[in-house]
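The values are calculated or read from the model by the stated rules, or taken from the named source; none is laboratory data. Predicted model only: the values in this text are computed from it and were never measured. Every residue, glycine as well, gets a Cβ built from its backbone with ideal geometry; the counts of neighbours run over all protein chains shown.
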Amino acid sequence: MYRLEAPDIGNLYHRTIEHMSQTVQMEGKEWRDVSREECSSLAEAAVELVTPEIQNAILMSSNRYGYLKKKLTDVVSKTAEVLIEQSKRDGFDPVAFELAFGSGNFPPVSFTLSNGATCELVGRIDRVDTASIHDQLYVRIVDYKSSKREIDFAEIYYGLAMQMLIYLKVLIEQANAWTQENVAPAAALYFHVHRPLVAPAETDADTERKVLESYQMQGLLVDDPAILEMMDRTAKHDQKKSIVIPVKYKKDGTLDANTTKKVVSPPQLEQLMDHAIDLAQSSAEAMYDGEIGVEPYEYKERRPCQTCPFQSVCHFDEALSNEARQLKKLEKDDVLSRLGGDADEVDE
Ligand code: SF4
């Protein structure tokens, strides 16, 4: 019996979208230049190319997987249509896909531990976008996810969401490995690859709008009007929720209260990136020192044990009075104050 495991589906999305994006780029186009009609052929070609690599042609070995393959083609085809719509509004353009650091000519994040050992972090960034604003090059990273993911400042603080911040920091610090210019961070975003199910609205246009909104990227954004407007050149003018980024404008053109809770100033973003690097370093120190305490966390009724393959080894069992560490929910301001107060004031 063949099984397609969940990670393979995520992998398939990544590779397929990467292939489609590279095809678009090789033709000298941006997504906004691609017609909707071209999307399904782009998706079919990409799935054909990518599936044998991932599952050794298992996808084509039965009707069931033929059906699954068609479903996957539908998902990435719809995703491509959304990338077109986002690209029409977005002034940031992709400059790299699947950018690996720690291999090839892009160095790893490296730090020396207190015992003199060198620790290297390696990784792969799904998509890197840039835009020039007032003679400054800004960079944004995009991570494709097969499940919905939102920004949670507590997760950043506790070290449950370090990856994107570390990746962004790497891109800024190692800018000379991929560009000749000085770069500044603009955002770290998640893009949910999915096939949306939305209830029909009054008009087809409204239904289409709801579909596009379901693909709105989530994540951390720098609170700078020029950067935010570059990421969606229509939302402010239309006084609407953006379909590209998690931003909504009020009638007077300012950000609504919910958006304000999520955006950060450049020094605050710097603080969060440094915190992620510090946590990576202290985790490496702890692992090197042999700290392997059975101390899982619990946050929002979620515990790593739920998907951990080592339960039979660690013997964590609440019936034996083992307790998970309860992590408190924290808002943006709580986290920033725990990290040293208002970074804007600190820098002045
Ligand atoms: S099952 Fe054990 S090893 Fe896995 S996360 Fe829970 S406590 Fe840690």
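Within the stretch 318-328, restricting attention to residues that are within 30 Å of I156 (Cβ to Cβ) and more than 9 Å from the ligand (Cβ to nearest atom), which residue is surrounded by the most Cβ atoms within 10 Å (Cβ to Cβ)? My answer is L327. Between E150, E120, the distinction of being surrounded by fewer than 19 Cβ atoms within 10 Å (Cβ to Cβ), in contact with a strand residue (DSSP E or B) (Cβ under 8 Å, 6 or more places away or on another chain) and in a strand (DSSP E or B) belongs to E120 only.
Tell me yes or no: at least one residue of the stretch 278-286 is away from the ligand (no atom under 16 Å from the Cβ), without any contact (Cβ under 8 Å) to a residue 40 or more places away in the chain and either part of a helix (DSSP H, G or I) or not assigned by TED's automatic domain parsing to the domain that holds P108 (or both).
Within the stretch 278-286 (the criterion being away from the ligand (no atom under 16 Å from the Cβ), without any contact (Cβ under 8 Å) to a residue 40 or more places away in the chain and either part of a helix (DSSP H, G or I) or not assigned by TED's automatic domain parsing to the domain that holds P108 (or both)), the answer is yes, since at least one residue qualifies.
Being more than 30 Å from T118 (Cα to Cα) and either at pLDDT below 95 or more than 14 Å from the ligand (Cβ to nearest atom) (or both) is the requirement here; does D344 meet it? So D344 passes the test. In a residue-by-residue description of the stretch 175-192, the property of being surrounded by 21 or more Cβ atoms within 10 Å (Cβ to Cβ) and outside any strand (DSSP E or B) applies to no position.
The residue that is farthest from the chain's Cα centre (by Cα), among those in the stretch 70-94 that are under 15 Å from E30 (Cα atoms) and aliphatic (A, V, I, L, M), is I84.
Look at R124 and say whether it is among the basic types (K, R) and in contact with a Lys or Arg (Cβ under 8 Å, 6 or more places away or on another chain).
Here the answer is no, as R124 does not meet what is asked.
E298 passes every criterion in (1) charged (D, E, K, R); (2) within 14 Å of the ligand (Cβ to nearest atom); (3) more than 26 Å from the chain's Cα centre (by Cα) apart from (3).
Here E295 meets the list (1) in contact (Cβ under 8 Å) with a residue 40 or more places away in the chain; (2) over 30 Å from R89 (Cα atoms) almost entirely, failing just condition (1).
Do we find a residue being modelled with pLDDT of 95 or more and buried (at least 20 other Cβ atoms within 10 Å of the Cβ) anywhere in the stretch 193-203? The answer is no; no qualifying residue exists.
Go through the stretch 301-315 residue by residue and tally those that are out of contact with any Pro (no Cβ under 6 Å at 6 or more places or on another chain), within 27 Å of F153 (Cβ to Cβ) and within 14 Å of the ligand (Cβ to nearest atom).
Final tally of qualifying residues: 4.
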